[in-house]
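Since the structure comes first, as structure tokens, the remarks are kept for the end.
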Amino acid sequence: MEKIEQTIKNYEDVDSWKTIMFLYTSAIKTVEMKLEILNDEFQHVHQYNPIEHIKTRVKTPESIVKKLRKYEKEISVENMVKYVNDIAGVRLICSFTSDIYRLANMIASQTDLKIIEIKDYNKSPKDSGYKSYHMLVSVPVYLSDGMVDTKVEIQIRTIAMDFWASLEHKIYYKFEGNAPAHISRELRECADMVSTLDEKMLSLNEEILACSREQER
Ligand code: GTP
Ligand code: MG
């Protein structure tokens, strides 16, 4: 198997940047297709879709450079592949917190996909109130001359968590990370409300499912 670092060297003369971005775009496609299959299979077997929707994005060159600067690394294609783990990003939005772990387990059991790191900000939220489940994985991308393992960051969160994170992100950017104290406080309050909402929605859903099972008997 060829390491991505090697690929860069091989293509350095041609156009390493374009090649690398092509790899990340292809890695996203691979992961997205795997997830769609898992979701369809789940629908087929359990008449239920754990994935509400999927969002994907490739990091912009500006953000990649910004991150390398933050990490105090020289700006090079090699460093970006080595240190920037979220160039390829896939976000899975689900209805219930139970779906998060259902999806994480389904992803973990894909044998050709390697899990590099897991950060469970659902169990341990950030100080900001941020909740989400992050998996850094690598997927094989098959090219005409071989296979390249490529990193993809998968974020799994509920609709409510996603709603919160979108607004918090917008505010964070607006104030460049220094939001007025009352805004940060209210955001944390909203995060608590999101958690309460997620818990209530989950228990309601479980009650409904139990009723349906009862009726089927
Ligand atoms: P970066 O934060 O990306 O430099 O790397 P890291 O190693 O700290 O990774 P982490 O898993 O903490 O965060 C990765 C991604 O999660 C970010 O790029 C965001 O998309 C998201 N994220 C993390 N923390 C927050 C947060 O407090 N608010 C919001 N809205 N998103 C967050
Ligand atoms: Mg971070």
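The values are calculated or read from the model by the stated rules, or taken from the named source; none is laboratory data. Owing to the predicted nature of the structure, the values given are computational and were not obtained by experimental measurement. Note: ideal-geometry Cβ built from the backbone for every residue, glycine included; neighbour counts use all protein chains shown. For the accessible areas, the whole protein counts, side chains as well, though only heavy atoms, and no ligand, DNA or RNA atoms are used. Shrake-Rupley method; radii C 1.70, N 1.55, O 1.52, S 1.80 Å.
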The helix 4-46 Cα axis meets the longest alpha-carbon principal axis of the chain at an angle in degrees, between 0 and 90 and rounded to 10, of 20
What list of ³J(HN,Hα) couplings, whole Hz, do you get for region 63-79 from phi and the Karplus terms 6.51, -1.76, 1.60, once you set θ to phi - 60° and write x for glycine and proline? 5, 5, 4, 4, 5, 4, 4, 4, 7, 6, 10, 4, 7, 8, 4, 4, 5
Cross-link pairs K29/K73; K34/K73; K18/K114; K29/K200 - those with Cα-Cα distance over 31 Å: K34/K73; K29/K200
Which whole-Hz couplings ³J(HN,Hα) result when phi for each residue of region 199-213 is put into the Karplus expression 6.51 cos²θ - 1.76 cosθ + 1.60, θ = phi - 60°, listed in order with x for Gly and Pro? 5, 5, 4, 5, 5, 4, 4, 5, 5, 4, 4, 5, 4, 4, 5
A 1.4 Å probe over the protein heavy atoms gives region 97-205 a carbon and sulfur accessible-area percentage of 56
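Provide the gained length on full extension for the span M193 to D112, in nm with one decimal, where the gain is 0.36 nm per separating residue minus the Cα-Cα distance.
Gain on stretching M193 to D112: 25.3 nm.
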SASA check, E78, accessible area w/ 1.4 Å probe, all protein chains in place, rounded to nearest 10 Å², comes out at 70
Using a 1.4 angstrom probe on the protein heavy atoms only, could you order Y133, Y24, Y71 from most to least accessible area? Y71, Y133, Y24
List the lysines whose Cα sits under 21 Å from the Cα of K126, skipping any in the same chain fewer than 8 residues away. K67, K70, K170, K174
Which residue, E117, E41, E207, tops the fluctuation ranking in a GNM of the chain built on C-alpha contacts under 10 Å? E207
Rounded to 10°, Cα long-axis angle of helix 97-108 versus longest principal axis of the chain: 40
Rounded to one decimal in nm, the spacing of the 7 Å Cα→Cβ label points at S144 and R217 is 6.2
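How much accessible area per residue does the chain have, counting only protein heavy atoms and a probe of 1.4 Å, in square angstrom? Intermediate values should be presented prior to the final figure.
Details: 13220 Å² over 217 residues.
Counting only protein heavy atoms, the per-residue value for the chain is 61 Å².
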